[in-house]
Amino acid sequence: MKARDRLRIAVQKSGRLSEPAFKLLERCGLSFERGSDRLFCFGDGEPVDLLLVRDDDIPALLAQGVCDLGIVGRNKLAEYACAVDAPPRELRALGFGGCRLSIAVPREMQYRNVRQLAGLRIATSHPGLLACWLRDREISAEVVTLGGSVEIAPRLGTADAICDLVQSGATLAANRLREVETVLESTAVLASSPFATDGARGELLALLMARVDSATHAHVARLLMLRSARDSLDSILSLLPSASRTSVLDVAGQPGQVMLQAWCAGELGWRKLEEIKRAGARELFVLPVEKALA
Ligand code: PRT
Ligand code: ZN
């Protein structure tokens, strides 16, 4: 197999998204040998390799087609998209690395509405997103681009407000800042190169996407199995979480009886089970779903 028949995924080398990204890839059945330079990891089983890089470099690696897939914060992806014509595509939100890009002002400022940002200097490491957000609201403010330590800019006198990532809010509080506007809700995402991935890599990509969907959703899903009289089936089905996928099976030698198997993404607590039992179900089992292919 030629080297570029293999799929290449860009992952943050070290940082907030590294460990959850590796765990996700492991749940997708991928394992890697770490290369001696520790930047390139050769895939052991499947023809899928990893490139370990700074998160800031991932969008460009995708846009240039150097990597097919990347695990990166939506904030980095969206920031990059502000500057290019053919940005990478967000394929899936992955459910970790959640944070928001927010505007924060000094605590003592009497903030009432977005108009008050006009004329201020706002420090950020996401200048494209901030400029776009301000433009949409027709607010003229000065965007001050900083590489890091954005939160201390107001104290240093280099900015009047900031636009930075917030998770718990502890950093803002420690710097006597107050969150006033949300520019972007972010999460780690699986992104792809804007180029079509076809041939062997395309097939591999489709298989991997199904595994990613299973790995990101299977742990919240449950398989419910039960037996009931055929007559009770409608009332039992009406009690299942919406969007459950159900199959009804005949019970050999018992024409009035059926087995129901339901793949449920919602809550299946004791009360719900008791309700389903009162509707006529017997022999109820709730099983965790480890892997699923729809
Ligand atoms: O070395 P490399 O360039 O790869 O890493 P990095 O230092 O640029 O990135 P890293 O690992 O800090 O963050 C990677 C991604 O994690 C970000 O792009 C976001 O998508 C996501 N993420 C989630 C966060 C946070 N939560 C977060 N809290 N990124 C940064 N922060 C910082 C924020 O900048 C602020 O300084 O944490 C502070 C705020 O946190 P709270 O909890 O005090 O509000
Ligand atoms: Zn970075």
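For segment 1-146, rounded, prolate or oblate, judged on the Cα gyration tensor with a ≥ b ≥ c (square roots of eigenvalues), a/c < 1.5 rounded, else prolate if a/b > b/c? Because a/c hits 1.5 or more and a/b exceeds b/c, segment 1-146 counts as prolate.
Classify the chain as rounded, prolate or oblate, taking a ≥ b ≥ c as the square roots of the eigenvalues of its Cα gyration tensor: rounded when a/c is under 1.5, otherwise prolate if a/b is larger than b/c and oblate if not. Taking the square roots of the gyration eigenvalues as a ≥ b ≥ c, the chain is oblate. Taking the DSSP bridge list for the chain and keeping only pairs wholly inside it, about 75 percent are antiparallel. Projected label points at Gln110 and Glu19, each 7 Å from Cα along the beta carbon direction, are separated by 4.6 nanometres. How much of the accessible area of the chain, in percent, comes from carbon and sulfur atoms when a 1.4 Å probe is used? Within the chain, the accessible surface is 51 percent carbon and sulfur. Taking Cα centre as origin and charging only the Cβ of basic (Lys, Arg, +1) and acidic (Asp, Glu, -1) residues, the dipole magnitude of the chain rounds to 500 debye.
Averaged per residue, segment 203-274 has 58 square angstrom of accessible surface, using a 1.4 angstrom probe with ligands and nucleic acids left out.
Between the Cα long axis of helix 18-27 and the first principal axis of the chain there is an angle of about 20°, rounded to the nearest 10. Sorting 201-211, 166-176 by their mean Cβ neighbour count within 10 Å, with the most densely packed peptide first, gives 201-211, 166-176. Treating the angle as unsigned and between 0 and 90°, give the value, to the nearest 10°, between the Cα long axis of helix 127-136 and the longest Cα principal axis of the chain. Once rounded, one gets 90 degrees.
Note on the chain: lysine pairs with Cα distance below 28 Å, sequence gap of 8 or more or different chains, count 9. Tell me whether segment 99-186 comes out rounded, prolate or oblate; compute the Cα gyration tensor, take square roots of the eigenvalues as a ≥ b ≥ c, and use a/c under 1.5 as the rounded threshold. It is rounded, given that a/c, with a ≥ b ≥ c, falls under 1.5.
Placing a label point 7 Å from the Cα of Gln257 along the Cα-to-Cβ direction, the residues of segment 190-234 whose backbone N falls under 14 Å of that point are 226-231. Take every Cα pair under 8 Å whose residues are at least 6 apart in sequence, average their separation, divide by the length of segment 221-288, and the relative contact order is 52 percent.
Sorting 257-263, 67-73, 244-250 by average packing, meaning the other beta carbons within 10 Å per residue, from highest down gives 67-73, 257-263, 244-250. The angle between the Cα long axis of helix 199-217 and the main principal axis of the chain comes to about 80°, on a 0 to 90 degree scale. Using C-alpha pairs below 8 Å separated by at least 6 residues, the relative contact order for segment 107-266 is 17 percent. Maximal additional length on extending the Ala86-Asp198 stretch stands at 38.5 nm, based on 0.36 nm per residue less the C-alpha distance.
The values are calculated or read from the model by the stated rules, or taken from the named source; none is laboratory data. Worth saying up front: this structure is predicted, and the values here are computed from it rather than measured. Here Cβ is always computed from backbone atoms with ideal geometry, including for glycine, and neighbour counts include all displayed protein chains. Heavy atoms of the whole protein, side chains included, go into the accessibility calculation; ligands, DNA and RNA do not. Shrake-Rupley method; radii C 1.70, N 1.55, O 1.52, S 1.80 Å.
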